[in-house]
């Protein structure tokens, strides 16, 4: 049986990067939350905030380790599966990856030991500084990775030297490469997605504790902190998503047309759902707002938007796939806004923790941000096809010539088994930390007695807090 090495290499890279991307956005989101919680501890000296910071630091460390372990593989794949790509644009792409290692990874790893093991060995202010540095390190890491990927979407600051097999891209302006047209809007959207995931992850665990009547003071305080950040992130996603879509309209019009199944140049509908058909050049069963996409792009319902027919069919991405992934991502984002605003309203009314049905929704709602982050990347990356560097290098020109389909199949099976084992270990360790819960807060005897009385009174008066 003959295997297509190009298709299999794409599948392998998609599999490895989607598995890896389970961890970086959570690392960024949790880092921001940890900074907020530990800052509140320094300000209030409330030992419950210290317990919260210690607990989420353990979860952060587990996730950070998984991110590092799964991220290394992709860099090897550039050499094994995509050698032609690495030879052609390695000077540009490699500089961004090198900057990630120099400016981000060493910052994270340098302060990570203090963050995890330094609670009783350094001062509270020094530990808070270490928390900030680790959080900034994860953010800096995302900057350089997104810059490298954005350059593939909207290349800038380079020139092609040589001809034929010796041709390659060289940087002519480092800062033009860094601030290529899509870097900033894509980076902001990535950060917002990470904030939403971090917030919903904390909300999920906190809601579970509340429903089980465990660690109530810890859980309610953590829930409130995470709800504020998740709500802010969900609302910000509207703005950053609009800026990102507007950038795509200017620099990758074929991708935007595929997002909305827009075939003929003219006023464009903003669809809620549907089934695009390349043969009929329409969206079957489509429900949407006529002229809605034109309004979002041009602030005019009748302004034309470039359609797919303006481009050769060989330059079209897979319209069906990215139409569905894009619209599902948007639908999930709107769901996050509705859910968090409802929770904020109930919090304002003093009824939040009595709504057991809503808390159960939050327990499982963490799946939504994971899915939305993955769908966003699928839409962005498949929307760039058939180009690996947009308008410059096609994907079928970038694959390694010496790699066979059988080799790629073997590596997919091997990586699949290893990642399955890693995932099982991650779930097991994470579950053990969650089941154990935070360390008990050490309070003076009088304060402990009063706290027990308050907790017992709340449990008796609010079934949603005391039931087990």
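Short to long, the 10 Å bins of the Cα pair-distance histogram for region 325-399 hold 17, 32, 22, 14, 10, 5, 0 percent of all pairs.
Expressed as a fraction of 2.2 N^0.38 Å, the C-alpha radius of gyration for region 165-230 is 1.94. Of the three principal axes defined by the Cα atoms of region 115-227, the extents in descending order read 68, 34, 22 Å. The angle separating the long axis of helix 124-153 from the principal Cα axis of greatest extent in the chain is about 20 degrees. Remark on region 224-369: ratio of C-alpha radius of gyration to 2.2 N^0.38 Å is 1.25.
Taking every C-alpha pair closer than 8 Å and separated by at least 6 residues, the mean separation divided by the residue count of the chain gives a relative contact order of 21 percent.
Geometric descriptor of region 130-188, per residue, is 90 Å³ (volume of the convex hull of the Cα atoms). On the principal axes of its alpha-carbon atoms, region 5-466 has extents of 79, 49, 41 Å, going from largest to smallest.
Taken along its three principal axes, the alpha carbon spread of region 398-441 comes to 60, 20, 7 Å, from the longest extent down to the shortest. For the chain, the longest principal axis of the C-alpha atoms and the axis of helix 83-100 are separated by about 30°.
In this structure, residue 421 and residue 113 have a Cβ-Cβ separation that, at R0 = 22 Å, corresponds to a calculated FRET efficiency of about 0.25.
Net length available on complete extension from residue 334 to residue 361 is 8.2 nm, with 0.36 nm assigned per residue and the Cα-Cα distance removed.
May I ask for the angle, rounded to the nearest 10°, between helix 319-348 and the longest principal axis of the chain, with both axes built from Cα atoms and the value confined to 0 to 90°? Approximately 20 degrees, to the nearest 10.
Just so you know, all these numbers are worked out from the coordinates, no wet-lab data involved. Just so you know, these numbers come straight off a predicted model, no measurement behind them. Quick reminder, even Gly has a Cβ in these numbers, built from the backbone with ideal geometry, and neighbours come from all protein chains shown.
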